[in-house]
Each structure stands twice: as C-alpha cells, then as structure tokens.
Amino acid sequence: MRKFKTCSRRSLPFRLLVILAGALLLLAAFAPCANADCPACIRYYDFEGPTPPPEFINRGSHQPAIEQGDLAPRALLFQNDDGTPYTVSNLTANTGLILGNTNRPVGALPNTISLGVHGSGQAHLNLVMTFPSVAGIYDIQSISFASRGSGNGFQNVQLQASLDGGATWVNMSVVTPISTAVSIITLNNTMGVVTLGVPNLLVRMQFVNGQSNGADLQNLIDNIQVNGVVVPEPATVAGGLLGVLGLCWFQRRRLKLLLPRRT
C-alpha cells in the first residue's frame, strides 16, 4: 500500500515562523502609511448631511476621508481668535453648485451646500480642527479648500497650529490671498511646523482682513481637505502583533492534533 508523507514535527516551528512572517508583512501592508512620502486625506468637510438643531450646517468629516464622523472631536469649529464661538448669525448654509465640484476628492458624493460668510469686518474667522491623541499621531502637511471671495469679504487666509492646547498659535503657511473667482486655495506647511508627536493638536485656518460689516454674502467656502499622515499608535500596532501571535499559536495546536503520532 502506498504511504503518504506526513509533516515532521521538527519542521513545525519553521512553518510557524513562515506563517508569522507572512502575517507581519500583511499587517505592514494594510497599516496606515507612516511615511511622509504618501500623504492621504485625513479629514474632508463638505458641509453636507443632517443638521439637527441648533446646527445650521453639517460640520462633520465625510467620505472618503480616513477619519469620518459628524460629532466631536472630528467636527469643524467656528471660533474667534480667543477660542470663543464665532458669531453664528454671520455664517449661513448656501445652496447651489457654485463650489460643489471644486476641490471635491475622488470618492466624495456630489454636494450643493457651501459655508457662506457675512459681516467679515467684525472679527477674524477661525475654522478649527481638533486632533486628539495621547501619543500625537498626526503629521499635518496641507489643507486645501474651494473658495470664492468678494471685494468686501475676507481678503487673506493662513494655516496655523497650536501645540499647547490653544494657548498659543504658530504659523504653518504664508498669508495667502483670497480670489474673487472660484478657485482652490492650498495652504502648505512651508514653515516646517512639526505636528507629529504633539498630543491634542489643534489646527486652524484663520481668515483675516474682512472689509464689511454688512449682511451680504462675502465669502464662500467648501470641500475642505486636510492632508497628511496618520501614524498608528504603539498600542494599535502591539494589539495587531498580539493577534497575529495568537493566531499562530492556535494554528500550532491545531496542526499538532492533525499530525500522526509516532509509534
């Protein structure tokens, strides 16, 4: 009778090492990129979606961003320079296709709602984003958005970051003019501000040099993309490795049961 070859017990540890190595390679392949050469869309604000009272516009981050959700800590904040809420009556939800497709990333749903700004001469407008993390996992490289200005609205915008929970702010980009035409404004971190490793990071776009206290529509803003890298926290990586090791151990016990016993 023909005899079938069985797996040697001595080869079992080697096979387990092969399985472990393959699993670790898969884990590394599917983990979020931790390399500055492959930035991705971390947040995307298109102002679409439900607006339960007292909200006048949706402030959540939506697809195809890495981080999605309508509630804090991913919701966009409208603030004055001192961190107090911006005058809501000077902000409105404007419907139409003026900015709907401008700066809309691949995978995002069509949208028709933009943030409208009035009374720009009363105070600076700060669009603030919170990035809570004990280890500081966010490397913010740029923010872009669709824009249409006017002769009497905010004339400039600048990207800033707070590395101390909002006590002070540092400039990440140069002061950038706001065109009266429909355009895409990109604010790059050209100042070399390091956000990676900063716990509870805050980033904001500060709109300045408003020219009018009137109620007319002075600025339109839409399709805000926050681009950079999210580095996995050590606890997340450790959890994945432990899961892989547990799988290998389970497979080891299973293989031992299937192997024929020596007589």
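The values are calculated or read from the model by the stated rules, or taken from the named source; none is laboratory data. Just so we're clear, the structure is a prediction, and the values are computed from it rather than from any experiment. Here the Cβ is made from the backbone with ideal geometry for all residues, glycine too, and neighbour counts use every protein chain on show. Areas reflect the complete protein model, heavy atoms only, side chains present, ligands, DNA and RNA absent. Shrake-Rupley method; radii C 1.70, N 1.55, O 1.52, S 1.80 Å.
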Enumerate the pairs (first residue in region 75-97 and farther than 15 Å from Gln206 by Cα; second residue anywhere and among the basic types (Lys, Arg) and at pLDDT 95 or above) with beta-carbon separation below 8 Å, excluding pairs fewer than 6 apart on the same chain, so at least 6 apart or on different chains. Ala75/Arg59
Counting only residues that are crowded, with 22+ Cβ neighbours inside 10 Å and more than 30 Å from Gln211 (Cα to Cα), how many does region 120-137 have? 2
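Do you know which residues across region 190-229 are surrounded by 16 or more Cβ atoms within 10 Å (Cβ to Cβ) and assigned to a loop (DSSP other than H, G, I, E, B)?
So in region 190-229, the residues surrounded by 16 or more Cβ atoms within 10 Å (Cβ to Cβ) come out as 193, 195-196, 198, 200-208, 210, 212, 218-229.
Val193, Thr195, Leu196, Val198, Asn200, Gly210, Ser212, Gln218 - these are the residues of region 190-229 that are surrounded by 16 or more Cβ atoms within 10 Å (Cβ to Cβ) and assigned to a loop (DSSP other than H, G, I, E, B).
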Could you tell me how many of the residues in region 164-188 are in contact with a Leu (Cβ under 7 Å, 6 or more places away or on another chain), crowded, with 18+ Cβ neighbours inside 10 Å and not in a strand (DSSP E or B)? 2
Taking region 138-156 and keeping only residues that are assigned to a strand (DSSP E or B) and either small (Gly, Ala, Ser) or open to solvent by 10 Å² or more (accessible area, probe 1.4 Å) (or both), one is left with Tyr138, Asp139, Gln141, Ser142, Ser144, Ala146, Ser147, Arg148, Asn156
